[in-house]
Amino acid sequence: IGRVITGGVLNIPGATMADKLHHLNAVDDSLRRWLCSEPRSAPAGSFCLLTPACDPRADVGFIVLQPDQAHAMSGSNAICATTALLETGMIPMVEPVSTVTLDTAAGLVTATATCEGGKVVRVTLDMPPSFMAKEGVIDTPEWGPVRYDLCFGGVFYALIDVDQIGLTITPENARALAMTGVDLRNRIAAQEPAPHPTVKALDGLAYVMFRSTEPDGAIRTCTTLRPGRADRSPCGTGSNSNMASRHARGLAKPGDTLISRSIIGGEFQTEFVEETTVGSYTATRNRVSGQAWIYGISQIVLDPTDPFPLGFTLSDTWGG
């Protein structure tokens, strides 16, 4: 669920998108808190913040605001933003193919949109290079040693095979997956700084993504996000990370494609384009494609007498 801010927000300080991301996370997070907390949002929502691009090659700057913090990149939200930009006319739509370049803290992301009859029917993202930083393990009293792949796909992930925690990725397990994933993320983050080799603003573990293999070869995914929710989408940056994980294990080569399937059955396709490097890491360049649908248009306001100008959260809905 990605709500795209199409106007009404002042530019964020910073000469680069990484600077803007740092400002939102370390200097002033009031905009994120105001938007992402109740009564204006809920735990399962994201906001796509569009800013003037810092890189002259890009059409627009892009930052993802979520209940935990601002993030550099999100595939599902980039698909939402591209769809909104074109279908509302903020960027003129060209049929059959329109191109939108997003300036993100993780680098330029080119979105190629297939358009028919004034509608975006497919968005393909040239994702930031992804790499596996390490194979890790964390000892737990509940499940014993839990193995994970620490990967970067736009943000850092700990990719965990879900059978290690005795669950399956199904809708009835969404709450258990979400709370377990956030708990594991916090434990792993306490011992794993997850440094990015070139951009400090990208440091730090963002999410745990559970995964399993479907009978048809697709990867069932469940990214878990603080404060305790299961991603409704197949997860673009997670799919990007998973391809790097598979490549590091010799399970993927350029030209391969992989379907990621979400907990509610949505699908993204990931195409392994070529090998590259990020710092000292061997990396993959991938394209992730999917579709978004506009469900509504709204206006969000702040009354100067509102007693909760930064919103509020309660554990009955938001977890711990």
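The values are calculated or read from the model by the stated rules, or taken from the named source; none is laboratory data. Just so you know, these numbers come straight off a predicted model, no measurement behind them. Note that each Cβ is placed from the backbone with ideal geometry, even for glycine, and that neighbours are counted across all protein chains shown. Heavy atoms of the whole protein, side chains included, go into the accessibility calculation; ligands, DNA and RNA do not. Shrake-Rupley method; radii C 1.70, N 1.55, O 1.52, S 1.80 Å.
Taking the stretch 251-280 as the range and being surrounded by fewer than 20 Cβ atoms within 10 Å (Cβ to Cβ) and over 21 Å from the mean Cα position of the chain (by Cα) as the test, the residues that pass are Leu251, Lys253, Pro254, Gly255, Asp256, Glu274, Glu275, Thr276, Thr277, Gly279, Ser280. Looking across the stretch 281-320, the residues that are within 23 Å of the chain's Cα centre (by Cα), in a strand (DSSP E or B) and among the hydrophobic types (A, V, I, L, M, F, W, C) come down to Ala283, Val288. Here Asp59, Asp28, Asp19 are screened, and the one residue that is in contact with a strand residue (DSSP E or B) (Cβ under 9 Å, 6 or more places away or on another chain), open to solvent by 30 Å² or more (accessible area, probe 1.4 Å) and not β-branched (Val, Ile, Thr) is Asp59. Of the residues that sit in the stretch 141-199 and are over 17 Å from Ser212 (Cβ atoms) and of a type in the set (Lys, Arg), which one is nearest to the chain's Cα centre (by Cα)? Only one residue fits best here, namely Arg185. Among the residues of the stretch 281-320, those that are without any contact (Cβ under 8 Å) to a residue 40 or more places away in the chain and open to solvent by less than 70 Å² (accessible area, probe 1.4 Å) comprise Gly296, Asp306.
How do the strands (runs of 3 or more DSSP E) wholly within the stretch 18-119 filter down when requiring 2 or more residues that are free of Cβ contacts under 8 Å to residues at least 24 places away in the same chain and within 19 Å of the chain's Cα centre (by Cα): which remain? Show your work before the answer.
Details: elements: 46-51, 60-65, 97-104, 107-116.
Counting at least 2 such residues, we get 107-116.
Being among the hydroxyl-bearing types (Ser, Thr, Tyr), touching a strand residue (DSSP E or B) at 6+ places or on another chain (Cβ under 8 Å) and open to solvent by less than 40 Å² (accessible area, probe 1.4 Å) is a description that applies to Thr224. For first residues located in the stretch 203-224 and basic (Lys, Arg), partners that are at pLDDT 95 or above and not in a strand (DSSP E or B) and lie 6+ apart or on another chain with Cβ distances below 6 Å form the pairs Arg220/Ile169; Arg220/Glu214. Taking first residues from the stretch 229-256 that are closer than 15 Å to Lys134 by Cα and partners that are among the β-branched types (Val, Ile, Thr) and in a strand (DSSP E or B), the Cβ contacts under 6 Å between residues at least 6 apart in sequence or on separate chains come to Met243/Thr270; Met243/Thr284; Ala244/Thr284; His247/Thr284.
Could you please find all residues in the stretch 215-239 being basic (Lys, Arg) and over 14 Å from Ile1 (Cα atoms)?
Taking the stretch 215-239 and keeping what is basic (Lys, Arg), we get 220, 226, 229, 232.
Listed by number, the residues that qualify are Arg220, Arg226.
Quick check on this structure: which one of Thr101, Thr83, Thr114 is modelled with pLDDT of 95 or more and closer than 29 Å to Lys200 by Cα? Break it down into steps so the answer makes sense when it comes.
Details: Thr83 fails: closer than 29 Å to Lys200 by Cα; Thr114 fails: closer than 29 Å to Lys200 by Cα.
None of the others qualify; the one that does is Thr101.
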